[in-house]
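Chemist: Submitted below is the structure of interest, expressed as structure tokens.
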Amino acid sequence: MATDANNPSPEDAPSHDPWQLGQSHRKVDAMERMRGITRYTDDLKLPGMLHAKILRSPHAHARIKSIDTSKALALEGVFAIVTGQDFKIPYGIIPWTPDENALAVDKVLHVGDGVAAVAARDEDTAIAAMRLIEVEYEVLKAFFDPEESLANTDRSLSINPYGRKGNLSKRVLLEFGEVEQKISGADLVVEGDYFFEGTTHGAIEPHCALAHVEGDMSKSGILTVWSATQVSHYLHRELSKVLEIPAHRIRVIQPPLGGAFGGKSEPFDLEFCAAKLAMLTGRPVKLLYTREEVFYSHRGRHPMKMHYRTGFTREGKITGVDARTILDGGAYSSFGLVTTYYSGQLLCAPYEFASYRFESLRAYTNKPACGPKRGHGSVQPRFAMEIQLDKAAVALGIDPIELRRRNNLGSESTTVNKFRVGSNGFSECLDKVEAASGWRERKPKLPYGRGLGVAGSTYISGTNYPIYPNEMPQAAVQICLDRSGRARVFSGANDIGQGSNTMLAVIVSEELGLPLEDIRVLSADTDLCPVDLGAYSSRITLMVGNACMQAAQKLRRKVCAAVAKRWEIPRRRVALIARKALDLENPDRSVPLREAFCWAEADNGLLGEVGSYNTPKDRHGDYRGGTIGASPAYSFTAHLAEVEVDPETGIVDVKTIWVAHDCGKALSKRIVEGQIEGSTYMGFGEALMEQHVVDPQHNGVHASPSFLDYRMPTFLDTPKLEAMIVEAPDANGPYGAKEAGEGPLHSSIPAIANAIYDAVGVRIDTLPFSPAKVLAAIDARREQEAAGLVPEHKSGQTHGRRSA
């Protein structure tokens, strides 16, 4: 019977207890990074290498009337200059919305938009030449508010020249069930307005690209681009399109990455510019962003204005949800089509809705483009929904954890928008944070200024369909065993620091009995590795892991068969573990794996196998947009935060965040715990500090384009994080595994918001939770209490009121 990664045969299961799965592993590249010998993209140097810089617009919205590069070209040490006229073919990560050029062609759409690029002997010369380029602009009205932008009817002021509906980037309206009827008949209706401020990724390594040409590009030359990207395959495709070079003559290599978090998940201007300049000069060209350029390139979290109505029965069951969201998309589409869907589609678990409607509108504005940041598109609506649930719990007199339990969707279920959910460990997640925090015992006794808040969430383990439609596998892996007893793994997956190379090594180790140090993983080289779609939407563990498991199991069968043949025993009695093949019924009989590999090679020839994975196509409903948000498996998370709020200053001190995450099966315990803690840390930072904003009073200049000005939490600011792994294995995951890299972020933010309410009785429905905002809310509450409009919060306790 044929088998695949989703339907393994009984022979595919190891005949012994797991010896690597669930253990704590050091990342396979950890020591190189710790010793400082890892070579990131900017560490690469080639003979004769030139350096490039990009001239960027000082205006938020302007037509380009003329560009004069003659003075810059005359400068000694300048080799070439390109402008938008060299890049007239538009591109975009989503094939339906190619609305961006490598450099501006006719007009600039935000401060920092690229206008021209210079290649010179060094960066100083390139910068000097850049300042000699003369650009004449016709300044246009700029739109910084999405609602004002959407209201514009003057087509001459439409922001993106490729936009087909004025300043409307995307609109989605979907309704499931009788929403108005269900909400109007509810015992309680909670209505609220929420705002989630935009934030950026904050990866340590800036974007960098290095391009090199071998041979004559007009004939059969090869263009190689090294890039700090997390989507090698999509970059490869767009380079071919924009530069009009056949894909087989382009090679993209992703060196080790210094963080990404979604910020490097699409092509950027620097890759096209470096490549074109290398083609023009015949010399290698490197282009490194400054930190300021990273902020202006952005692609971070969308600011969202959200209005929610939610109906409840008196028992706390959700009868209907009605959501309207306006997304501030910035100047380009990026992933915006998907983001607009995600802002509504991914809200429908972990809770069961009787009815649901959402309308989401994404607007073009004259700001740096927004895109995917960890938890793409669904962090913002989760913030609103979890506060809605908390408000309902208070109004109904139901414990907030109990209210969530009553609405739990459960396993092997279908959401209101027709997504199929397999395993679901949400209930256990709630149990764990409740017990670890002492919720039941401590919450009623906490004094004024101290509070506990809870929230829950879900996230996808990869998207069910690729970004561009095709029926080919979404992931593939090649494994080769050699006579030395070593395994080589070839994968197109992008390791961006999350540990995907280690995950692959762990799977190979589990199946073939090799320690991690005997396994070499080569990844993200389009010449040497099979196609993988990249590191986004938490897809790698499930998709690439399944492909790797499939290839490794094929090899294990061959090796075990070769050993069984020589020992004259059934194959099922042979186990591969700890560099040995051994007889399970006679453990004294064993042979080193290197010898077992030689036997298998003698029987089969070269020991190489491939595995591939494609998603099941029964995970969604049959309606327009029904595939967007569908996933083979969903993770689940519960956060519980404890805060102390100073009523005199409004300062929120987050003491502890307990987080339980259902990852299906933790393939590598330490890495999963690290992902849970990292996600929660990032959510904590967005809750209290972060905001990626431009200043409308100063023509759209970024308010804080550096790590000195953009506030992010340090180790000293970070609360105690207690990560707890919940394992509800999913049939679609390798060994049951699901995602752990993005899901543990979502509910950390509303958990903190709900804890603030528990502490001082004020709702903070806009981000971030700044001291001034919290203090203003406390003062407003005091005035209401004094007027008898609301009861005293935690009555009978000291409130720390200031004297009049």
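Chemist: Find the residue count for the range 354-369, including only residues that are within 23 Å of Pro750 (Cβ to Cβ), open to solvent by 10 Å² or more (accessible area, probe 1.4 Å) and assigned to a loop (DSSP other than H, G, I, E, B).
Modeler: Adding up the residues that qualify gives 1.
Chemist: Further, regarding this structure: When you scan the range 559-580, do you find a residue that is at positive phi and either buried (at least 24 other Cβ atoms within 10 Å of the Cβ) or in a helix (DSSP H, G or I) (or both), even just one?
Modeler: Scanning the range 559-580 turns up no residue that is at positive phi and either buried (at least 24 other Cβ atoms within 10 Å of the Cβ) or in a helix (DSSP H, G or I) (or both).
Chemist: Examine the range 762-776 for a residue that is open to solvent by 60 Å² or more (accessible area, probe 1.4 Å), touching a residue at least 12 places away in the same chain (Cβ under 8 Å), within 30 Å of His298 (Cα to Cα) and not charged (D, E, K, R), and state whether such a residue exists.
Modeler: yes
Chemist: While we're here: Sort out which residues of the range 654-700 are open to solvent by less than 40 Å² (accessible area, probe 1.4 Å), of a type in the set (Asp, Glu) and assigned to a strand (DSSP E or B), and write them in order of number.
Modeler: Within the range 654-700, just Asp662 meets the criteria.
Chemist: Just the residues that are closer than 20 Å to Glu238 by Cβ and in contact with a strand residue (DSSP E or B) (Cβ under 9 Å, 6 or more places away or on another chain), please, taken from the range 94-108. Quick ask: steps written out before the conclusion?
Modeler: Taking the range 94-108 and keeping what is closer than 20 Å to Glu238 by Cβ, we get 94-105.
Within the range 94-108, Thr97, Pro98, Asp99, Glu100, Asn101, Ala102, Leu103, Ala104, Val105 qualify.
Chemist: Just to be sure I understand, how many residues within the range 87-131 are among the β-branched types (Val, Ile, Thr) and either open to solvent by 20 Å² or more (accessible area, probe 1.4 Å) or outside the structural domain of Leu277 (by TED's automatic domain parsing) (or both)?
Modeler: 4
Chemist: Now for a separate question. Can you tell me which residue is farthest from Leu346 (Cα to Cα) among those in the range 167-204 that are surrounded by fewer than 19 Cβ atoms within 10 Å (Cβ to Cβ) and β-branched (Val, Ile, Thr)?
Modeler: Ile204
Chemist: Across the range 716-756, what is the number of residues that are open to solvent by 30 Å² or more (accessible area, probe 1.4 Å) and in a loop (DSSP other than H, G, I, E, B)?
Modeler: Total meeting the criteria: 6.
Chemist: Now, a different point. For Ala142, are the conditions met, namely being assigned to a loop (DSSP other than H, G, I, E, B), open to solvent by less than 50 Å² (accessible area, probe 1.4 Å) and not hydroxyl-bearing (Ser, Thr, Tyr)?
Modeler: Against the criterion (assigned to a loop (DSSP other than H, G, I, E, B), open to solvent by less than 50 Å² (accessible area, probe 1.4 Å) and not hydroxyl-bearing (Ser, Thr, Tyr)), Ala142 qualifies.
Chemist: Another one. Do we have any residue at all in the range 628-644 that's open to solvent by less than 10 Å² (accessible area, probe 1.4 Å), outside the structural domain of Ala731 (by TED's automatic domain parsing) and over 22 Å from Val544 (Cβ atoms)?
Modeler: So far as the range 628-644 goes, no, none of its residues is open to solvent by less than 10 Å² (accessible area, probe 1.4 Å), outside the structural domain of Ala731 (by TED's automatic domain parsing) and over 22 Å from Val544 (Cβ atoms).
Chemist: Now for a different question. Run Asn546 past the list (1) at pLDDT 95 or above; (2) out of contact with any Phe, Trp or Tyr (no Cβ under 6 Å at 6 or more places or on another chain); (3) closer than 25 Å to Gly664 by Cβ and report the number of the one that doesn't hold.
Modeler: The number of the failed condition is (2).
Chemist: Only one of these is within 25 Å of Gly375 (Cβ to Cβ), modelled with pLDDT of 95 or more and not polar (S, T, N, Q): Ala740, Ala772. Name it.
Modeler: One residue alone meets the criteria, Ala740.
Chemist: Another question about this same structure. Under 7 Å between Cβ atoms, at least 6 apart or on separate chains: pull out the pairs that start in the range 13-27 with a residue that is not assigned by TED's automatic domain parsing to the domain that holds Gly513 and at pLDDT 90 or above and end on any residue that is open to solvent by less than 40 Å² (accessible area, probe 1.4 Å) and part of a loop (DSSP other than H, G, I, E, B).
Modeler: What qualifies is Leu21/Leu667; Gly22/Ala666; Lys27/Gly499.
The values are calculated or read from the model by the stated rules, or taken from the named source; none is laboratory data. Quantities reported herein were computed from a predicted structural model and do not represent experimental measurements. Cβ sites come from the backbone with ideal geometry, for glycine too, and all protein chains shown count toward neighbours. With ligands, DNA and RNA removed, areas are computed over all heavy atoms of the protein, side chains included. Shrake-Rupley method; radii C 1.70, N 1.55, O 1.52, S 1.80 Å.
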